[in-house]
Amino acid sequence: MYNWALETKTKAYYQDEESLSFTDLSSRLTSKKKEEETEWLSEVSAVTLQQSLRNLNQAFTNFFKGRAEYPSFKWKKGDQTARYVGTAFDIREENGKRKLRLSKMPGLINIRWSRELPSEPSSCTVTKNAAGQYHVCFVCTEEAHLLPRVNGEGGDLEFVGVDLGIASLVTLSTGEKVGNPRWFESEQERLRREQQKLSRKEKGSNNWERQRKRVAKVHQ
């Protein structure tokens with residue numbers, strides 16, 4: 001949907017000298033659902049399709065304000081996202097477990113919760129990364145509590161200097177040091193081995209695709 005909207009908007013500008021707004025694209029999307037080749041779009045939640053158009057609209061806003069480059073097409077094997085708002089999603093209890101319901105998705109989805117939600121979420125974004133892993137991010141309102149001010153012995157604020165190094169990851173002005181676990185070097189070697197295996201596979205084959213996901217997992 002994002003790629004279709006980007007192509008439609010770009011062609012309209014350069015070929016017809018027409019600037020399509022979010023409303024224009026949304027209207028064309030309605031017609032797109034009625035076409036025989038793309039009638040399957042009706043099987044997808046209309047909310048997620050509209051959100052793709054909003055994401056593109058924001059991408060163009062960032063471009064015109066100089067905050068980003070011209071929007072580019074998304075790669076189907078790269079990160080993919082679907083955003084649900086309003087009644088297009090909710091969290092339900094089933095057999096004593098909290099599960100996620102997404103509009104037009106059959107059944108409830110099992111979630112491995114990383115933390116308790118502080119409030120009812122206003123939206124959720126489902127992301128599929130290049131390694132084929134799924135993550136869900138919820139937008140919630142949470143009350144922020146300021147930490148108490150810590151004063152030194154003389155009553156003034158106490159400052160600590162931080163120095164990033166090689167032998168020690170962090171050295172504080174108090175003399176405390178935090179060691180360097182060297183995770184990057186080991187993961188870099190692992191990535192090199194997996195990339196070598198990928199180069200020996202026939203590109204586009206099933207074995208190549210499986211190895212590509214292994215490489216992507218190391219990146220994750």
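The values are calculated or read from the model by the stated rules, or taken from the named source; none is laboratory data. Please read all numbers here as calculations on a predicted model, not as lab measurements. Cβ sites come from the backbone with ideal geometry, for glycine too, and all protein chains shown count toward neighbours. For the accessible areas, the whole protein counts, side chains as well, though only heavy atoms, and no ligand, DNA or RNA atoms are used. Shrake-Rupley method; radii C 1.70, N 1.55, O 1.52, S 1.80 Å.
At-a-glance table
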| quantity | calculated |
| --- | --- |
| Residue tally, condition more than 22 Å from the chain's Cα centre (by Cα), within 14 Å of residue 2 (Cβ to Cβ) and either charged (D, E, K, R) or open to solvent by 50 Å² or more (accessible area, probe 1.4 Å) (or both), over the range 29-49 | 1 |
| Among the residues listed as 8, 23, the single one being free of Cβ contacts under 8 Å to residues at least 24 places away in the same chain, in contact with a Leu (Cβ under 8 Å, 6 or more places away or on another chain) and over 22 Å from residue 105 (Cβ atoms) | 8 |
| Residue list for the range 59-88, filter: outside any loop (DSSP other than H, G, I, E, B) and surrounded by 11 or more Cβ atoms within 10 Å (Cβ to Cβ) | 59, 60, 61, 62, 63, 80, 81, 82, 83, 84, 85, 88 |
| Qualifying positions in the range 130-167 - more than 30 Å from residue 117 (Cα to Cα), modelled with pLDDT of 85 or more and not β-branched (Val, Ile, Thr) | 161, 163, 164 |
| Filtered residues of the range 108-145 (kept if open to solvent by 60 Å² or more (accessible area, probe 1.4 Å) and in a strand (DSSP E or B)) | 110, 128, 134, 135, 137, 139 |
| Identity of the residue in the range 89-99, over 19 Å from residue 122 (Cβ atoms) and acidic (Asp, Glu), that ends up surrounded by the most Cβ atoms within 10 Å (Cβ to Cβ) | 94 |
